[in-house]
Structure formats: C-alpha cells, structure tokens
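Structure, as structure tokens:
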Amino acid sequence: NVLALQDGMLIELGKSVVTIWKAIILSSVISFGIAYLATASLFKPVARWLTTLRFLGFAGITFLFTLWTDSGSSLKVSLLTFGMSVFLVTNALSMIESITQNQIDYARTLHLSGWRITYELAFRDKLDEALDLIRQNAAMGWVILSMVEGLVRSEGGIGDLLLNQSKHLHLGAIFAIQITILIYGLTQDYILQILREFICPYVKFSRAK
C-alpha cells in the first residue's frame, strides 16, 4: 500500500507496460519482417549479420540511440526494441529454416513460387510458432526493461523504482515490486497465450491430444 500510494508503484508500472507493449509490437514487426525477407537469398546475409548484434551490450550503444532519439521515452522504447529484436529475429530465422525442402517442393508442385511460398509456408503454416516466439520474447522483455529503465531514469518506470529501493536496501519494497512484476508478467503471458489460441484454434486441439 505504501509503495502504491506514496511511491506511485502502479503509475510506474503503467509507464513500463506502455513502454514494453510498444517494444513488443515494434520488435515483432521488425524481426519477422527481416526473417521473411531472408527467404530471398539477397536479404539472408543482412539478416544473419543482424543476429550477431545480440552480443552487443547496452553500455556501448546507448550513446548512439541517444543521438537518434528526441526524448527519454523514445530512447527507452528504442533500446528495448533493439534488445528484443536481435533475439527475436534469431529465433524467427530458426523457425523459418525448419521448413523442409520437401515442403518447398510440394508447394512448387501446386504452382506456387517466390513470395507466395514464403506466405504459405513461413507465414501461414508457422503462425502459431511465430505467436509463441512473440510471447516468449515479451517475457524476456521484462528482464531487459529493468536494465533499460536503469539507464534512462528521466522517464521513471517500475525498473527505476526498483533501483531506487535497491539503492536504499529496502528489501520489503524490493520483494513487493518483484512480486508485482511477476503477477503482471504471468497475466501478460496468459493473455498472449489466449490470443494465440484464438488466432490459431488448432493449437488448443493439438495440445489436448
């Protein structure tokens, strides 16, 4: 109650939720866009190069993102989107590479070619896997979020509040914040799972078997 009323924990959580959902949407569009383009040999080297960026730390690139953004809020979203995208594009490429040559050959016997094969095999047939990757990436985003909000503290957020409480060794407050993040994270994960089953209802039936 003290955290919620005096320190504005729920308000800070709301800021973090807005930030992470912006990053989830942006990273999903960017990552899968790159992965689908990589089905063409022209774009594959670029996609492969982008996967190597997951080894970069925020400490070395924050300055560049600061130059490219005009506010603390956009800086947080940009850093978080970058951190989530480099991992998601790696997983998305692995998902697409799991398509077998037999599946591609069969699609060609149906007189499909080029981007139509990409649409049918990589997008439609793998949609449930893609949504599951987004769900997993969204969970990982909360780990990255605390780091990002620690680097960009001008806009607040639950990560900033957590670091403030950690600095003063307020263990009770730290545990309360962590439990709040955990409860929201589980709720978010459940909502994304329900959304996946709604978009791809066959997932529910295959799991029941």
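The values are calculated or read from the model by the stated rules, or taken from the named source; none is laboratory data. From a predicted model like this one, the values you see are computed outputs, not experimental measurements. Cβ: placed from backbone, ideal geometry, glycine included. Neighbour counts: every protein chain shown. Surface areas here come from the heavy atoms of the whole protein model, side chains and all, with no ligands, DNA or RNA. Shrake-Rupley method; radii C 1.70, N 1.55, O 1.52, S 1.80 Å.
Report the residue count in the range 82-100 for those that are more than 16 Å from Gln136 (Cα to Cα), in contact with a helix residue (DSSP H, G or I) (Cβ under 6 Å, 6 or more places away or on another chain) and in a helix (DSSP H, G or I).
1
Taking the range 175-184 as the region of interest, how many residues are open to solvent by 30 Å² or more (accessible area, probe 1.4 Å) and either farther than 17 Å from Thr19 by Cβ or more than 21 Å from the chain's Cα centre (by Cα) (or both)?
Within the range 175-184, residues that are open to solvent by 30 Å² or more (accessible area, probe 1.4 Å) and either farther than 17 Å from Thr19 by Cβ or more than 21 Å from the chain's Cα centre (by Cα) (or both) number 6.
Is it the case that some residue within the range 108-119 is among the polar types (S, T, N, Q) and more than 20 Å from Ser28 (Cα to Cα)?
Checked against the condition, which is being among the polar types (S, T, N, Q) and more than 20 Å from Ser28 (Cα to Cα), the range 108-119 yields at least one hit.
Only residues in the range 83-96 that are more than 11 Å from Ser28 (Cα to Cα) and in contact (Cβ under 8 Å) with a residue 60 or more places away in the chain count as the first member; pair them with residues that are part of a helix (DSSP H, G or I) and β-branched (Val, Ile, Thr), Cβ under 6 angstrom, at least 6 apart or cross-chain, and list the lot.
That search, which allows pairs on different chains as well, returns Gly83/Ile144.
Using beta carbons and a limit of 7 Å, which pairs, at least six apart or on different chains, have the first residue in the range 129-144 and aromatic (Phe, Trp, Tyr) and the second one surrounded by 21 or more Cβ atoms within 10 Å (Cβ to Cβ)?
Trp142/Ile20
So Gln103 passes all but one of these: (1) within 16 Å of the chain's Cα centre (by Cα); (2) open to solvent by 60 Å² or more (accessible area, probe 1.4 Å). Which condition number does it fail?
Checking Gln103 against (1) within 16 Å of the chain's Cα centre (by Cα); (2) open to solvent by 60 Å² or more (accessible area, probe 1.4 Å), the one that fails is (1).
Here is a yes/no grid of residues against (1) at pLDDT below 90; (2) among the aliphatic types (A, V, I, L, M); (3) closer than 17 Å to Ala122 by Cβ:
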residue: Leu3; (1), (2), (3): yes, yes, no
residue: Gly14; (1), (2), (3): yes, no, no
residue: Tyr36; (1), (2), (3): no, no, yes
residue: Ser98; (1), (2), (3): no, no, yes
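It is to be established whether one or more residues within the range 39-54 are of a type outside the set (D, E, K, R), surrounded by 13 or more Cβ atoms within 10 Å (Cβ to Cβ), within 24 Å of Gly157 (Cα to Cα) and in contact with a Ser or Thr (Cβ under 8 Å, 6 or more places away or on another chain).
No, the range 39-54 contains no residue that is of a type outside the set (D, E, K, R), surrounded by 13 or more Cβ atoms within 10 Å (Cβ to Cβ), within 24 Å of Gly157 (Cα to Cα) and in contact with a Ser or Thr (Cβ under 8 Å, 6 or more places away or on another chain).
Examine the range 107-117 for a residue that is part of a helix (DSSP H, G or I) and either touching a Gly at 6+ places or on another chain (Cβ under 7 Å) or of a type in the set (S, T, N, Q) (or both), and state whether such a residue exists.
Yes, because at least one residue in the range 107-117 is part of a helix (DSSP H, G or I) and either touching a Gly at 6+ places or on another chain (Cβ under 7 Å) or of a type in the set (S, T, N, Q) (or both).
Return the pair list, or none, for Cβ contacts closer than 6 Å from residues in the range 58-75 that are open to solvent by 30 Å² or more (accessible area, probe 1.4 Å) to residues that are not in a helix (DSSP H, G or I), at least 6 apart or on different chains.
Here the result reads Ser73/Glu155, each pair linking the range 58-75 to a residue that is not in a helix (DSSP H, G or I).
Considering each residue of the range 134-172, count those that are among the acidic types (Asp, Glu) and either loosely packed, with under 15 Cβ neighbours inside 10 Å or over 19 Å from the mean Cα position of the chain (by Cα) (or both), and give that number.
Here the count works out to 2.
Collect the residues in the range 101-118 that are of a type in the set (Val, Ile, Thr) and touching a Ser or Thr at 6+ places or on another chain (Cβ under 9 Å), keeping them in residue-number order.
Of everything in the range 101-118, those that are of a type in the set (Val, Ile, Thr) and touching a Ser or Thr at 6+ places or on another chain (Cβ under 9 Å) turn out to be Ile117, Thr118.
Take the residues in the range 108-133 that are open to solvent by 50 Å² or more (accessible area, probe 1.4 Å) and of a type outside the set (D, E, K, R); name whichever of them is nearest to Ile194 (Cα to Cα).
Of all residues in the range 108-133, those open to solvent by 50 Å² or more (accessible area, probe 1.4 Å) come to 108-111, 113-116, 119, 123-125, 129.
Cutting the leftovers down to of a type outside the set (D, E, K, R) gives us 109-111, 113-115, 119, 123.
Numbers: Thr109: 36, Leu110: 33, His111: 35, Ser113: 33, Gly114: 33, Trp115: 30, Tyr119: 24, Phe123: 20 Å.
Top of the filtered list is Phe123.
Quick one: would you say Ile194 is in a helix (DSSP H, G or I), touching a helix residue (DSSP H, G or I) at 6+ places or on another chain (Cβ under 6 Å), modelled with pLDDT of 90 or more and open to solvent by 20 Å² or more (accessible area, probe 1.4 Å)?
no
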